[in-house]
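Asks: The following block contains the structure, expressed as structure tokens.
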Amino acid sequence: MSLREHGAPVFLTALVALVLSIVPLPFWLAIIRPAFLVLVVVYWSAMAPHVAGVTLAFFAGLVLDVFQGALLGQHAFALALISYLAVRFHLQMRAKPLFEQSIYCFAAMLIYELVLWSIDGWTGHNSAGAWRWLYTLPSALLWPFVAGVLGRFHAPS
Amino acid sequence: MAGFAAAGRRTHYGRTPAAGLRFFVYAVISILLMYTDERRGWSDSLRYGLQGAAYPVQMVVSSPQRFWHWLRESSATRARLKEENARLTETGRDLQLAQLRMAALEAENRQLRELHTALPPLVTKRLLAEVISIETNPLRQRLIINKGRADGVHRNQVAVDGYGIVGQVTKVGPWSSEVILISDPEHALPVQVVRNQLRSVAEGSGRSGELVLPFLAVNSDVKAGDLLVTSGLGGVFPAGYPVAKVTGVVREPDQLVAQVRAAPLARLTDTREVLLIEFNATNPAAPAAEALISGAVNAPADDTP
């Protein structure tokens with residue numbers, strides 16, 4: 001039922017988020033660029049788990065792997081994990097006000113980056129530097145905005 | 001959101017029953033993918049295909065930037081073009097002059113080496129590639145260029161610009177490739193100080209304007225202003241190409257190694273075109289054969305997917 005209703009918005013918003021995630025930015029903006037695609041995937045996983053969940057996350061992650069030249073499967077795994085968590089806890093998350101959702105989102109971003117960081121470490125890639133954690137905060141702060149924008153796609157008032 | 005959850009006409013969404021199972025399946029797939037990708041197994045051809053599929057998107061995403069460049073170029077005034085023309089003519093003349101001297105020097109070098117035949121030219125093939133997108137963050141410094149296997153690009157091919165070494169090709173797609181910049185923290189290249197032939201390794205720092213040389217002893221003879229060129233070791237880069245200029249040397253008395261920093265000569269991040277070059281293996285300046293450098297960091301890998 002809801003796939004026909006939500007499929008297109010989910011795909012379109014994910015595509016826009018992907019473009020925002022890979023558009024070339026100067027150094028200082030790049031390190032604080034919010035993870036748009038991750039936010040969108042978490043949003044749809046929590047708000048419409050029957051439409052888009054782990055499957056969307058896996059393929060979105062795979063696309064990120066390709067565009068960011070990462071180990072194939074690295075982002076896919078991390079994103080599938082936090083999407084699963086979002087689906088698992090979507091009822092709790094939905095019941096919270098936006099501010100608290102941001103905190104949930106921050107935790108999700110930290111888990112996501114922790115997974116990426118661990119995989120980088122295990123496979124002998126460069127994993128040093130506190131820089132890489134920097135974007136998690138702007139991402140979480142952007143959550144209310146993302147939720148507001150994406151909310152328009154499935155809750156016509 | 002709240003409005004969504006309260007929408008009465010929708011059925012209440014419960015916990016998706018299959019999410020755990022699905023996650024498990026995808027987790028296994030991802031781990032398998034990572035494993036094979038790390039070992040450069042069959043996933044190489046998958047990545048090759050995916051990179052081909054990603055190319056149009058990369059083109060579209062970077063199009064506003066390229067459109068801007070195009071607009072600026074096509075709206076150049078006559079005066080500016082004239083000025084540029086004059087400058088280029090002058091540079092051309094200078095280069096010609098240098099080339100004249102170069103021929104004499106090469107002849108002299110040949111005599112000194114007592115070679116009776118002329119050395120083969122070092123560069124056998126060159127390919128101009130346009131930069132489609134630039135990624136510069138502390139973890140990754142890469143370029144995407146618009147030439148791929150269809151144009152004969154292969155892994156570990158050297159990319160240069162008019163000023164020095166830019167990097168080397170890491171991933172090849174059908175129509176595009178990824179170039180790792182020398183400033184990428186995962187990149188290291190063997191260099192030599194021109195002044196005294198001191199050899200070392202220059203590693204990327206994650207900032208596009210800086211390389212670090214972490215393996216020089218405190219008492220080694222290196223100072224700010226020294227020119228670093230490729231040493232020809234490592235099997236990837238040919239000898240004698242300019243790489244960087246030393247910007248600062250810090251010597252702490254209680255440390256064994258000096259902290260040496262250098263600024264790349266190539267314009268890594270504002271370059272719009274790079275030159276991919278191929279070398280004649282019989283020229284002495286060409287990268288050393290793989291057999292000689294079995295322990296090298298950047299040993300060229302097999303090109304076939």
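The values are calculated or read from the model by the stated rules, or taken from the named source; none is laboratory data. Values in this document were obtained by computation on a predicted structure and should not be read as measured data. Backbone-built Cβ (ideal geometry, glycine too); neighbour counts: all protein chains shown.
Asks: Just for the range A:22-43: of the residues that are within 10 Å of chain B (Cβ to nearest Cβ) and under 14 Å from the mean Cα position of the chain (by Cα), which one is farthest from B:Val57 (Cα to Cα)?
Replies: Residue satisfying both the conditions and the ranking: A:Tyr43.
One line per residue, one yes/no per condition, for (1) among the acidic types (Asp, Glu); (2) modelled with pLDDT of 90 or more:
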{"site": "B:Glu178", "(1), (2)": "yes, yes"}
{"site": "B:Leu181", "(1), (2)": "no, yes"}
{"site": "B:Pro185", "(1), (2)": "no, no"}
{"site": "B:Val191", "(1), (2)": "no, yes"}
{"site": "B:Val194", "(1), (2)": "no, yes"}
{"site": "B:Arg199", "(1), (2)": "no, yes"}
{"site": "B:Glu203", "(1), (2)": "yes, yes"}
{"site": "B:Gly209", "(1), (2)": "no, no"}
{"site": "B:Val212", "(1), (2)": "no, yes"}
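Asks: Same structure, new question: Name the single residue, out of those in the range B:199-256 being among the aromatic types (Phe, Trp, Tyr) and buried (at least 18 other Cβ atoms within 10 Å of the Cβ), that is farthest from B:Leu268 (Cα to Cα).
Replies: Going through the range B:199-256, the residues among the aromatic types (Phe, Trp, Tyr) turn out to be B:215, B:237, B:241.
Pick out the ones that are also buried (at least 18 other Cβ atoms within 10 Å of the Cβ) and you get B:237, B:241.
On the way: B:Phe237: 17, B:Tyr241: 15 Å.
That would be B:Phe237.
Asks: Further, regarding this structure: Looking at (1) of a type outside the set (Val, Ile, Thr); (2) at pLDDT below 90; (3) at negative phi, which is the one condition that is false for A:Gly69?
Replies: Among (1) of a type outside the set (Val, Ile, Thr); (2) at pLDDT below 90; (3) at negative phi, the lone unmet condition for A:Gly69 is (3).
Asks: Could you tell me whether any residue of the range B:132-146 is on the phi > 0 side of the Ramachandran plot and either touching a Pro at 6+ places or on another chain (Cβ under 9 Å) or within 14 Å of another protein chain (Cβ to nearest Cβ) (or both)?
Replies: If we filter the range B:132-146 for residues that are on the phi > 0 side of the Ramachandran plot, which is where we start, we get none.
Looking through the range B:132-146, none of the residues is on the phi > 0 side of the Ramachandran plot and either touching a Pro at 6+ places or on another chain (Cβ under 9 Å) or within 14 Å of another protein chain (Cβ to nearest Cβ) (or both).
Asks: Moving on to the next point. Would you mind finding the one in A:Ile119, A:Ile82, A:Ile103 that is more than 8 Å from every other protein chain (Cβ to nearest Cβ), surrounded by 22 or more Cβ atoms within 10 Å (Cβ to Cβ) and modelled with pLDDT of 90 or more?
Replies: A:Ile82 is the lone residue from the list that is more than 8 Å from every other protein chain (Cβ to nearest Cβ), surrounded by 22 or more Cβ atoms within 10 Å (Cβ to Cβ) and modelled with pLDDT of 90 or more.
Asks: Give B:Thr124, B:Thr170 a once-over and let me know the one that is more than 19 Å from the chain's Cα centre (by Cα) and assigned to a strand (DSSP E or B).
Replies: On the way: B:Thr170 fails: more than 19 Å from the chain's Cα centre (by Cα).
Just a single option satisfies the conditions, and that option is B:Thr124.
Asks: So B:Gly148 clears everything in (1) within 29 Å of B:Val57 (Cβ to Cβ); (2) surrounded by fewer than 17 Cβ atoms within 10 Å (Cβ to Cβ) except one condition, right? Which one?
Replies: That leaves (2) as the condition not met.
Asks: Another question, then. Which ones in the range A:49-65 are closer than 24 Å to B:Leu46 by Cα, facing chain B (nearest Cβ under 7 Å) and surrounded by fewer than 24 Cβ atoms within 10 Å (Cβ to Cβ)?
Replies: Answer for the range A:49-65, where residues must be closer than 24 Å to B:Leu46 by Cα, facing chain B (nearest Cβ under 7 Å) and surrounded by fewer than 24 Cβ atoms within 10 Å (Cβ to Cβ): just A:Thr55.
Asks: Spot the failing condition for A:Ala46; the list is (1) over 16 Å from B:Ala27 (Cα atoms); (2) assigned to a helix (DSSP H, G or I); (3) within 8 Å of chain B (Cβ to nearest Cβ), and only one is missed.
Replies: Of everything listed in (1) over 16 Å from B:Ala27 (Cα atoms); (2) assigned to a helix (DSSP H, G or I); (3) within 8 Å of chain B (Cβ to nearest Cβ), A:Ala46 misses just condition (3).
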